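Have a look at the structure below before the remarks.
Values in this text are rule-based calculations from the coordinates and carry no lab data. What you see is a predicted model, and the numbers here were worked out from it, not measured in a lab. So basically every Cβ, Gly included, is an ideal-geometry build from the backbone, and we count neighbours across all protein chains shown.
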Amino acid sequence: MNQKNFGLDSLIATWDSDPANLSVNVEHLNHYYGEGEMRKQVLFDNCLKIRRGEIVIMTGPSGSGKTTLLTLIGTLRRVQEGSLKVIGQELNGISAANTTELRKQIGFIFQAHNLFESLTAFQNVKMSTELLGIGDAESRLSIETTLQRLGLGHRIHYKPKSLSGGQKQRVAIARGIIHEPKLILADEPTAALDAESGREVVTIFQELARNQDCTIIIVTHDNRILDVADRIVSMVDGNIRSNVLVQRNAMMCQVLNQFPIFRSMTPQAISQVADKMDMRRFSPNSEIIRQGEMGAEFFVIGKGEVDIEVDSKKINSLSEGAFFGEVSLIKQQPRNATVRARDEVVCFVLSKDEFQSVIDSSTPFEEELRKAIFSRQ
Ligand SMILES: Nc1ncnc2c1ncn2[C@@H]1O[C@H](COP(=O)(O)OP(=O)(O)OP(=O)(O)O)[C@@H](O)[C@H]1O
Ligand SMILES: [Mg+2]
């Protein structure tokens with residue numbers, strides 16, 4: 001079968017949950033405003049893992065808790081309940097000294113009107129380096145380079161009132177990135193900008209993510225910039241309702257498109273399947289499913305080869321793009337064979353319920369399955 005590597009390694013890497021590669025790890029986070037009778041819960045049991053270098057767009061209705069979550073991540077608010085780790089540091093119970101250290105690695109970008117009107121572009125950025133305790137000579141050089149890089153070389157000594165909306169926002173960005181933070185938090189960074197300036201801003205974010213492995217979280221209502229996101233998180237009523245790895249979904253669709261069983265499905269249907277798929281690795285010789293057990297999952301082989309064994313005798317083998325596990329799910333019977341990884345195997349997996357929902361919604365998928373089951377009997 002097809003031995004091409006479809007960017008499969010990049011796809012598999014999106015499941016990497018090694019804590020060392022996590023930039024933000026939110027676990028069961030609650031938050032309340034007010035005291036006593038007035039105490040009101042605004043964040044409810046939120047969990048979110050963001051890997052280093054990801055660009056995350058956070059959306060949701062006004063009042064849904066986006067800024068609250070962003071300011072908690074940025075150490076601008078104290079964590080009350082749950083766990084929140086930022087660049088490996090737990091924020092629940094963090095000391096003041098550690099907070100100061102951590103803030104040096106975080107860049108904040110809010111709307112341009114946060115600039116000081118009486119200070120020039122250069123001085124506005126310089127304020128930030130002074131607060132972080134970066135040396136004078138050192139900071140002069142990097143401020144100029146950063147402003148130049150952002151296309152403001154000829155506006156270094158202008159005050160905000162002589163700058164356009166887009167230029168002001170770029171000064172705000174310069175201020176947020178001057179110290180080369182590992183994490184950038186931006187709240188509505190393009191809200192006040194026209195389409196072109198908004199695009200410039202997100203292009204700068206993309207370069208930072210790509211070139212400096214910087215993680216960027218952008219809160220926005222601006223649909224025009226959704227395409228830069230690796231992940232889109234939507235909040236409703238203090239809760240993360242959906243958390244979609246857009247980039248993973250796109251790669252997964254590409255991979256699934258190469259596999260015969262998905263070929264006749266519509267792109268939309270494939271995308272829905274892609275969204276539901278989980279990834280599982282198996283070491284050589286391990287059992288993936290066992291004959292006689294009730295099936296709970298459907299498998300598509302992404303990488304490697306498996307042996308099919310009936311009554312401990314090998315009857316067949318399957319490789320990339322092949323699938324197994326469907327018979328038991330469709331017929332509600334125990335597994336009719338054992339499937340064993342021959343080498344390092346990576347499978348994409350649908351749970352029983354998700355598998356059923358795909359069958360219900362896609363006739364081509366169901367037809368392909370029935371054909372396959374028939375031919376295997
Ligand atoms: N300092 C505060 N004191 C009391 N309640 C607050 C405070 N800040 C926010 N809230 C409340 O917490 C909830 C979440 O607010 P938050 O600012 O996080 O929402 P948001 O999603 O950022 O909204 P928007 O899109 O309008 O910026 C809202 O009900 C808001 O009224
Ligand atoms: Mg807000």
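Loop only by DSSP, 16 or fewer other Cβ within 10 Å of the Cβ. Give me the trypsin sites (Lys or Arg not before Pro) in the stretch 1-63 that pass, ordered by residue number.
Lys4, Arg39
Quick one: 3J(HN,Hα) in Hz for the stretch 42-48, Karplus 6.51/-1.76/1.60 with θ = phi - 60°, rounded, Gly and Pro as x.
10, 10, 10, 6, 8, 10, 6
Which of the GluC sites (Glu not before Pro) across the stretch 44-119 are loop residues per DSSP, with 13 or fewer other Cβ within 10 Å?
Here the sparse-neighbourhood loop sites are Glu117.
Could you pull the Rg and Dmax for the chain, using just the Cα atoms, both in Å?
Rg, Dmax (Cα atoms, Å): 25.2, 82.
Could you list which residues have their amide H under 5 Å from that of Ser64, counting only those 5 or more apart in sequence or on another chain, with H placed in the peptide plane?
Under 5 Å from the amide H of Ser64 lies no amide H from a residue far enough along the sequence or on another chain.
From the phi angles alone, apply the Karplus equation (6.51, -1.76, 1.60; θ = phi - 60°) to the stretch 206-223 and give each ³J(HN,Hα) in whole Hz, x where the residue is Gly or Pro.
Listing the rounded values in order: 4, 5, 5, 5, 6, 8, 10, 6, 7, 8, 10, 10, 10, 8, 7, 9, 8, 5 Hz.
As a quick test, which of the pairs Lys85/Lys168; Lys40/Lys168; Lys85/Lys303; Lys66/Lys276 have an alpha carbon distance above 28 angstrom in this structure?
Lys85/Lys168; Lys40/Lys168; Lys85/Lys303, as the Cα separations exceed 28 Å there.
Before rounding to the nearest 500, sum -39500 (n - 2.57) across all DSSP H runs of length at least 4 in the chain and divide by the residue total; then give [θ] at 222 nm in deg cm²/dmol.
Computed mean residue ellipticity for the chain: -10500 deg cm²/dmol.
When the Kirkwood hydrodynamic radius is evaluated over all pairs of different C-alpha atoms of the stretch 282-377, what value in angstrom, to one decimal, is obtained?
One over the average 1/r among Cα pairs gives 13.4 Å for the stretch 282-377.
Under 28 Å Cα to Cα from Lys161, which lysines show up? Leave out anything in the same chain fewer than 8 places away.
List returned: Lys126.
Take Arg140 and Thr100, extend 7 Å from each Cα along the Cα→Cβ direction, and tell me the distance between the two endpoints in nm.
Distance between the two pseudo-spin positions: 2.6 nm.
What net charge is computed for the residues neighbouring Ile261, neighbours being all others with C-beta under 12 Å from the C-beta of Ile261, Lys and Arg scored +1, Asp and Glu -1?
Charge balance in the 12 Å sphere: -1.
Which of the listed residues, Ile308, Ile270, Leu329, is farthest toward the dipole's positive end in the stretch 255-333, when Lys, Arg count +1 and Asp, Glu count -1 at the beta-carbon?
Ile270
I need the trypsin sites (Lys or Arg not before Pro) found in the stretch 132-174, filtered to DSSP loop residues with at most 14 other beta carbons within 10 Å of theirs.
Counting only loop positions with at most 14 other Cβ atoms within 10 Å, none of the trypsin sites (Lys or Arg not before Pro) in the stretch 132-174 qualifies.
Suppose a student asked you for the relative contact order of the stretch 69-136, using Cα pairs under 8 Å spaced at least 6 residues apart; what percent would you report?
Relative contact order for the stretch 69-136 comes out at 20 percent.
How high is the relative contact order of the stretch 8-245, in percent, counting Cα pairs under 8 Å that sit 6 or more residues apart?
28
Per residue of the stretch 356-362, what does 6.51 cos²θ - 1.76 cosθ + 1.60 with θ = phi - 60° give for ³J(HN,Hα)? Whole Hz please, x for Gly and Pro, Karplus curve as stated.
Here the 3J(HN,Hα) series is 4, 5, 5, 4, 5, 9, 10 Hz.
Quick one: compute the contact order of the stretch 185-322, relative version, from alpha carbon pairs under 8 angstrom and 6+ residues apart, as a percent.
14
Give the longest segment of the chain that steers clear of chymotrypsin sites (Phe, Trp or Tyr not before Pro) in DSSP loops with at most 15 neighbouring Cβ atoms within 10 Å, not counting the sites themselves.
It runs 117-377.
Say the cut-off is 31 Å between C-alpha atoms; which of Lys313/Lys371; Lys49/Lys314; Lys49/Lys331 go over it?
Distance filter (> 31 Å) returns Lys49/Lys314; Lys49/Lys331.
Whole angstrom only: what separates the Cα centroid of the stretch 1-80 from the Cα centroid of the stretch 155-182?
27
Say the dipole of the stretch 8-245 comes from +1 at the beta carbon of Lys and Arg and -1 at that of Asp and Glu; which of Phe116, Met58, Thr100 then lies farthest toward its positive end?
Farthest towards the positive pole: Phe116.
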